[in-house]
Every structure is written in C-alpha cells, then in structure tokens.
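Derivation of every value follows stated rules applied to the coordinates shown; laboratory data play no part. Fair warning: this is a prediction, and the values are worked out from it, not measured in the lab. Here the Cβ positions follow ideal geometry from the backbone for every residue, glycine too, while neighbour counts run over all protein chains shown.
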C-alpha cells in the first residue's frame with residue numbers, strides 16, 4: 001500500500017466524516033435475525049488518501065464494530081517498508097450519504113479512506129477546497145465503471 005496523502009504533496013490534509021458499519025450485522029437484520037437497533041456502527045473522522053489502494057481502520061474501532069481480521073495482507077508503505085497486517089472483511093463505509101462495503105487493513109490509530117472506497121462511492125478530491133465532492137458527472141448517485 002503506497003501512502004501518498006494530499007498532505008505529502010504540500011496541499012494539506014483532506015478529511016471527511018465516515019460511518020463504519022458491521023455488514024454481517026446489517027445482513028442479519030435484513031434476514032430478521034437481529035434487531036436493527038443492534039447493528040454495530042460508529043462515526044469517525046477519516047483521512048482521505050488517494051495514494052492508498054485500500055482503506056485502513058484502527059483496531060479500537062474494529063472492536064467497537066465487533067469485527068476482527070480474517071487473515072494477513074502484506075502492505076508497502078510510501079517509504080518502501082513492507083509489513084504483514086490484518087485484513088478485515090465486511091466493513092460498510094458511508095460518506096456523504098453514499099455507501100458501500102469493502103475490506104480494510106487493520107493498523108494505526110486513524111481511519112484512512114483509500115482509492116477503492118472512493119471509486120465505489122464515485123467521490124473525488126477537491127484539493128483547492130480540501131474536501132471530498134461527488135463526481136460532477138454523477139451528482140445524485142454513485143455510478144460504477146465497468
């Protein structure tokens with residue numbers, strides 16, 4: 001995972017609010033096996049990193065979501081170091097009323113939104129204003145490219 005944040009480029013950090021959800025809980029609620037008010041989720045301040053392919057969730061938030069890593073994934077940091085870190089499946093990401101599910105790497109103490117989630121949500125980084133914006137070509141809903 002190459003971590004080249006907007007801050008590294010001298011532009012400044014881009015942060016956003018994200019709601020993280022346990023997707024297994026959501027599926028159980030949809031099947032009538034879990035009350036909707038028992039779905040585990042939390043809101044967090046996240047750093048947007050277009051240089052990272054995958055998103056990152058710190059261990060303390062995973063515990064709140066009731067999730068744990070299922071296996072390890074080797075990541076590569078911006079400085080070239082490589083390390084095996086946990087990979088968790090079944091995380092819901094909601095940003096700006098757009099939602100998707102994805103795997104996430106487990107490390108650090110900050111939620112990091114990587115390119116995969118940004119692509120799925122059809123969100124772009126507005127570097128001049130240091131914020132995320134919906135793709136102007138699809139302002140009302142995300143559109144996936146095939």
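Take the Cα of residue 81, step 7 Å toward its Cβ, do the same at residue 107, and the gap between the two points is 0.8 nm.
Taking a ≥ b ≥ c as the square roots of the eigenvalues of the Cα gyration tensor, segment 70-111 is classed as prolate, since a/c reaches at least 1.5 and a/b is larger than b/c.
Spin-label pair residue 146-residue 99: with each label point 7 Å from Cα along the Cα-Cβ axis, the two points sit 2.5 nm from one another.
Per-peptide packing, taken as the mean over residues of other Cβ atoms within 10 Å, places 48-58, 132-142 in the sequence 48-58, 132-142 from highest down.
For segment 15-134, the relative contact order comes to 31 percent (Cα pairs under 8 Å, sequence separation of at least 6).
Full extension of the chain between residue 73 and residue 130 yields a length gain of 17.5 nm, computed as 0.36 nm times the residue separation minus the alpha carbon distance. Cα-based values for the chain, radius of gyration first and Dmax second, are 15.4, 49 Å.
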